[in-house]
Amino acid sequence: MTRHLNSAGQPAAAGPGGPDGLWAQVPGGLRSPRLSPDTVPEEYRSAFRHYGDGTRNSRGRTPVDLTVLPDGLRKEITWCMFRIADLGGVIGMSGAGAVVRMLGAAVAGENGPAVSSQVSLLDAGVQEWCQRIRAVFYRDSGRFPSPSTMRCVAYEIQRYSRVLEAAYDTRDWWQREVWRPAEDPRIPQRDHEPRGRESIGFTRFSAPWLRTGLQWFGKSVLETGQMAWSTLLQRVGAMTEFDAFLAGRGSFPPHLAGDPAAVRALMRDYLAHVSTRRVGRGTRAGEPISASQRKILVICVEQFYAFMHDHAEEAAAVLGEPGWLRLGPQHAMLVRRGERPRRRSPDEPHRIIDDTTMSRGRDRPCGRPPAQIPACGITALGSYLGCVAAKRASGNGCTMRVGGSHRVTMRFILTQVSRVFWLRRRSAWCQCRVTWVRKA
């Protein structure tokens, strides 16, 4: 059995106070060995819910019997329920009762009475607990539990393990492998964060220096307000592509390469890698990713290294990684101007005035041009024909009457004669007029 260790290298259950320290935080009304909505205090009653009307699904009304668990595990599970309720979560009595019964059977089947009292929920992962539960269930009943039952058990164990890990972890919040603002109030976020219940996991990064660098980068930008939680979620997710790119080419230090030319060549390879990325799933599976997605994958790497270049000494001291001190000017601008992926607006034929429209003008047999008032020769504001006519005139294309304090100054501005060919019917093509235009 592999036990989870805290920052001091000790078993997780030996954290601040262990199970006894957690038990001291549980209110007296929740320390009952049998929990149900009828026995918990009023302020927590809405968090403990049972489903069913008591006749068809009477198991939902059955209290959660915590006496089947060893002493240490019982205190941990009770505190986990209290913590989830305190955070605004909901505990389904049927699922909680099932996982408590199966955990008790799994612990009693593999450990003696003297050993089982020291068992912690973090002694094993979710998958390992599920394997033990299946083995004990098959030994006792001759069959395996249903898939729906195991999904419910795995979900409950994962919920309890997450809050328990946060309680036993004595490190700073930014040094943890998973950030959950909903469970850790120390993580800075806005008052109304739209993605505040989502988490950021750093265990998916294979390079240790990149993982710790991103953790310190995220901590810095959140505390200074340079980024919001939603933006950081996107940035960390995009950096996984850069991590996979580096992992596919070997092992790299934080400064990527000692020669600036080698750093430049590596980034050109990354740009080529991003341009060939394909959508992995969904209706667009197999198609190239959009230009905006490619731009995000490039900008995240560029801005991360620009930040680390500006704070290289502090990063090397805090993270204990001297490789950050070797960042040079080439890391401050990994991508040169014009190399970022750009969105190309699709061709829009309606913005082009074809020859037929230009030739017909306001001739009645040809129909009315777009955005033109049919009752007179005045072109509607914003129409393309009006823009063409205005461009044929110098200045603003119309006569300006100037008043106010600048009127005397405008008298000395020379005027010019401009011929304006208005788009009228064919019989009036040659008609023109002389417009005195004052320069603006």
Which order do the peptides 248-261, 92-105, 176-189 come out in when sorted by mean C-beta neighbours inside 10 angstrom, highest first?
92-105, 176-189, 248-261
Protection proxy ranking, peptides 305-318, 72-85, average beta carbon neighbours within 10 Å, highest first:
72-85, 305-318
For peptides 324-336, 281-293, sequence by mean Cβ density within 10 Å, most packed first
324-336, 281-293
7 Å from Cα along Cα→Cβ at both A228 and R284: what's the point-to-point distance in nm?
2.3
Could you please report the charge total around W216, scoring K, R as +1 and D, E as -1 over all other residues with beta-carbon less than 12 angstrom from its beta-carbon?
-2
How far, in nm, would the chain grow between A272 and R342 when pulled straight, counting 0.36 nm per residue and subtracting the alpha carbon separation?
23.8 nm
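Since every read-out is calculated from the coordinates, none of them should be taken as a lab result. Keep in mind that what you see is a predicted model, and the values were worked out from it rather than measured. When we count neighbours, we look across all protein chains shown, and the Cβ atoms used for this are built from the backbone with ideal geometry, even at glycine.
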